[in-house]
Amino acid sequence: MTKSISIDVPEAFAASYGAHGAGQRAWITRLPRLGGEFLARWDLRLDGAAAYGMASLVLPVLRADGTPAVLKLQQLREETAGTATALRAWDGNGIVRLLDHDADSATQLLERLDAARPLSSVAPDTAVQVLAELMARLTSVPAPEGLRRLSDIAWAMLDQVERAVAILRDPAQQRLMRICADAVAGLVGEPCACLLHWDLHYDNILAGEREPWLAIDPEPLSGDPGFELLPALDNRWDDVEATGDVARAVLRRFDLLTEVLGLDRKRATGWTLGRVLQNALWDIEDGKTALEPVQIAIATTLLRHRW
């Protein structure tokens, strides 16, 4: 009889993820046995301490031939349902390589990167350039069939606008939210089916051996590359403020991104306002009655700049 294997789940991850609801707590309860099952199924040996983010547990492992890898355990969610499909389409081109996958549990075996060396650890100008070049490579790939579509998400966002606007206390913020919605409405009917990462920021790019830098943790979409830009604009905001000229720093990032990706700046502005709208809707859903100052700063900067 084969001895069952289990893994240790960090208490901090169990507490933070379990706080989201009963379904998450039930998954946390199953997680020690689930992790053990995949160690056995894929013939893996633990090779260090576990790491975790907001919604996944990552275990450094060695494969049977001694190759380093990571076992990523996560609940199957709508946002990540197409991750394996997208990773296979990218095939390691600018992004972590998928080594194995279990569709029923969303468990992934991935090549191991250097989690201690995120792109956020390098100088701001270098980081933006690296991110832009990776984003250009990733969005050059056509989206596979079956992925979530940005157009569907955008239409759903527009349906929520009036209810959300009524919750905002500041009339100026209400106007800004409607302007963002108008920008989305003007673009949503124009088809584009590029493969999007949806969360490409500096901490989602790690140093690697196969390439100097590789992206991780996609939440894939089929849509317009302009929708990709906001995380690269609002992440590392302390660096933006440290320049002493927030608007100039935002435009510097925006111009570099759009130039490297070859995007029309007017269209990219519209989709970036759409991303501001999405963040606003999420915040309001979480009980907030005001827009985040960083989001306001980015939106107003782009709206003042005409192309």
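The values are calculated or read from the model by the stated rules, or taken from the named source; none is laboratory data. Keep in mind it's a predicted model, so treat the numbers as computed, not measured. We place every Cβ from the backbone using ideal geometry, glycine too, and count neighbours over all the protein chains shown.
Could you check region 285-301 and list, in sequence order, the residues that are in a helix (DSSP H, G or I) and either more than 22 Å from the chain's Cα centre (by Cα) or surrounded by fewer than 21 Cβ atoms within 10 Å (Cβ to Cβ) (or both)?
Of everything in region 285-301, those that are in a helix (DSSP H, G or I) and either more than 22 Å from the chain's Cα centre (by Cα) or surrounded by fewer than 21 Cβ atoms within 10 Å (Cβ to Cβ) (or both) turn out to be Glu285, Pro293, Val294, Ile296, Ala297, Thr300, Thr301.
Of a type in the set (A, V, I, L, M, F, W, C), closer than 30 Å to Thr126 by Cβ and touching a Cys at 6+ places or on another chain (Cβ under 9 Å): is that true of Ala143 in this structure? Quick ask: steps written out before the conclusion?
Numbers: of a type in the set (A, V, I, L, M, F, W, C): yes; closer than 30 Å to Thr126 by Cβ: yes; touching a Cys at 6+ places or on another chain (Cβ under 9 Å): yes.
For Ala143, the condition - of a type in the set (A, V, I, L, M, F, W, C), closer than 30 Å to Thr126 by Cβ and touching a Cys at 6+ places or on another chain (Cβ under 9 Å) - is met.
Of the residues that sit in region 58-79 and are surrounded by 14 or more Cβ atoms within 10 Å (Cβ to Cβ) and polar (S, T, N, Q), which one is nearest to Gly36 (Cα to Cα)?
Top of the filtered list is Gln74.
Condition first: of a type outside the set (Gly, Ala, Ser) and either touching a Gly at 6+ places or on another chain (Cβ under 7 Å) or not assigned by TED's automatic domain parsing to the domain that holds Asn279 (or both). Now tell me which residues in region 158-187 satisfy that. Full working, then the answer.
Keep residues of region 158-187 that are of a type outside the set (Gly, Ala, Ser), which gives 158-163, 165, 167-171, 173-180, 182, 184, 187.
Those that are of a type outside the set (Gly, Ala, Ser) and either touching a Gly at 6+ places or on another chain (Cβ under 7 Å) or not assigned by TED's automatic domain parsing to the domain that holds Asn279 (or both): Cys180, Val184, Leu187.
Answer with yes or no whether Ala207 is more than 20 Å from Gln278 (Cα to Cα), within 20 Å of the chain's Cα centre (by Cα), of a type in the set (Gly, Ala, Ser) and surrounded by 20 or more Cβ atoms within 10 Å (Cβ to Cβ).
Numbers: more than 20 Å from Gln278 (Cα to Cα): yes; within 20 Å of the chain's Cα centre (by Cα): yes; of a type in the set (Gly, Ala, Ser): yes; surrounded by 20 or more Cβ atoms within 10 Å (Cβ to Cβ): no.
No; evaluated as a whole, the condition is false for this residue.
I'd like the full set of residues that are hydrophobic (A, V, I, L, M, F, W, C), in a helix (DSSP H, G or I) and more than 19 Å from the chain's Cα centre (by Cα), limited to region 258-279.
Here is the first cut: in region 258-279, the residues hydrophobic (A, V, I, L, M, F, W, C) are 260-261, 263, 268, 271, 273, 276-277.
Now drop any that are not in a helix (DSSP H, G or I), which leaves 260-261, 268, 271, 273, 276-277.
Correct list: Val260 only.
Among the residues of region 49-63, are any farther than 26 Å from Glu219 by Cβ and assigned by TED's automatic domain parsing to the domain that holds Ala81?
yes
Identify the single condition in (1) in contact with a His (Cβ under 6 Å, 6 or more places away or on another chain); (2) under 18 Å from Ser151 (Cα atoms) that Leu277 does not satisfy, given that it satisfies every other one.
Of the numbered conditions (1) in contact with a His (Cβ under 6 Å, 6 or more places away or on another chain); (2) under 18 Å from Ser151 (Cα atoms), the odd one out for Leu277 is (1).
Quick grid of which residues meet (1) surrounded by fewer than 19 Cβ atoms within 10 Å (Cβ to Cβ); (2) touching a strand residue (DSSP E or B) at 6+ places or on another chain (Cβ under 7 Å); (3) not assigned by TED's automatic domain parsing to the domain that holds Asp65:
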| site | (1), (2), (3) |
| --- | --- |
| Ala86 | no, yes, no |
| Asp100 | yes, yes, no |
| Ala123 | yes, no, yes |
| Val128 | no, no, yes |
| Ala136 | yes, no, yes |
| Thr139 | no, yes, yes |
| Arg148 | no, yes, yes |
| Ala156 | yes, no, yes |
